[in-house]
Amino acid sequence: LAFEATLPGLAEECMLRGVFLAIALRAVRRGELDEPGGIGRDGWQAIIAAAMLFASVHGLSPRPSASGNESGTPFGWGWEVAFAPMLFGRTFLTGMAYGWLRLRTGSLLTPIVAHNAANVAGTALAMR
């Protein structure tokens with residue numbers, strides 16, 4: 001539980017809502033990343049791009065093919081990729097929320113705390 005309360009949210013938010021969102025925002029907008037408040041159409045485009053990457057990291061799973069029991073899409077060298085649509089959808093929506101928090105508050109701390117809280121809640125429920 002301590003791990004879920006710290007590292008995944010910190011690492012993923014720094015990369016996705018810190019670095020990647022800044023790159024995506026600069027690709028579509030002429031404004032500044034840390035301007036809290038109004039997000040606008042360009043901000044939403046960047047949020048969607050970051051949420052798609054976040055969902056892809058969680059909802060697509062490359063794995064070695066099980067001999068004779070391939071359930072994913074083979075992509076060569078004995079590997080396949082499996083798609084979990086519910087996980088993809090859930091992480092896409094939470095990624096949208098984390099991106100909105102990032103741009104709305106102008107702080108990376110807010111989505112980090114929200115992400116860690118969601119991880120702790122999910123882990124605690126799974127442990128029951």
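Structure summary
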read-out	value
Positions within the stretch 83-128 being in contact with a helix residue (DSSP H, G or I) (Cβ under 9 Å, 6 or more places away or on another chain) and small (Gly, Ala, Ser), in sequence order	Ala84, Gly89, Gly95, Ala97, Gly99, Ser107, Ala114, Ala117, Ala118
Breaking point among (1) buried (at least 18 other Cβ atoms within 10 Å of the Cβ); (2) at pLDDT below 70; (3) small (Gly, Ala, Ser), for Ser71	(1)
Tabulated pairs, the stretch 6-30, first more than 13 Å from Ile48 (Cα to Cα), second modelled with pLDDT under 90 and buried (at least 21 other Cβ atoms within 10 Å of the Cβ), C-beta under 9 angstrom, 6+ apart or interchain	Arg29/Gly43
Neighbours by Cβ (under 7 Å, 6+ apart or cross-chain): first from the stretch 104-115, on the phi > 0 side of the Ramachandran plot; second at pLDDT below 95	Gly106/Asp34; Gly106/Glu35; Gly106/Pro36
Every residue from the stretch 95-113 that is farther than 14 Å from Trp44 by Cα and open to solvent by 30 Å² or more (accessible area, probe 1.4 Å)	Thr105, Ser107, Leu108, Leu109, Thr110, Val113
Residues being touching a Gly at 6+ places or on another chain (Cβ under 9 Å) and not in a loop (DSSP other than H, G, I, E, B) - total across the stretch 106-119	9
Qualifying residue in the stretch 82-91 (condition: open to solvent by less than 90 Å² (accessible area, probe 1.4 Å) and at pLDDT below 85)	yes
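The values are calculated or read from the model by the stated rules, or taken from the named source; none is laboratory data. All values reported here derive from a predicted model rather than from experimental measurement. Note that we place each Cβ from the backbone using ideal geometry, even for glycine, and neighbour counts take in every protein chain shown. Heavy atoms of the whole protein, side chains included, go into the accessibility calculation; ligands, DNA and RNA do not. Shrake-Rupley method; radii C 1.70, N 1.55, O 1.52, S 1.80 Å.
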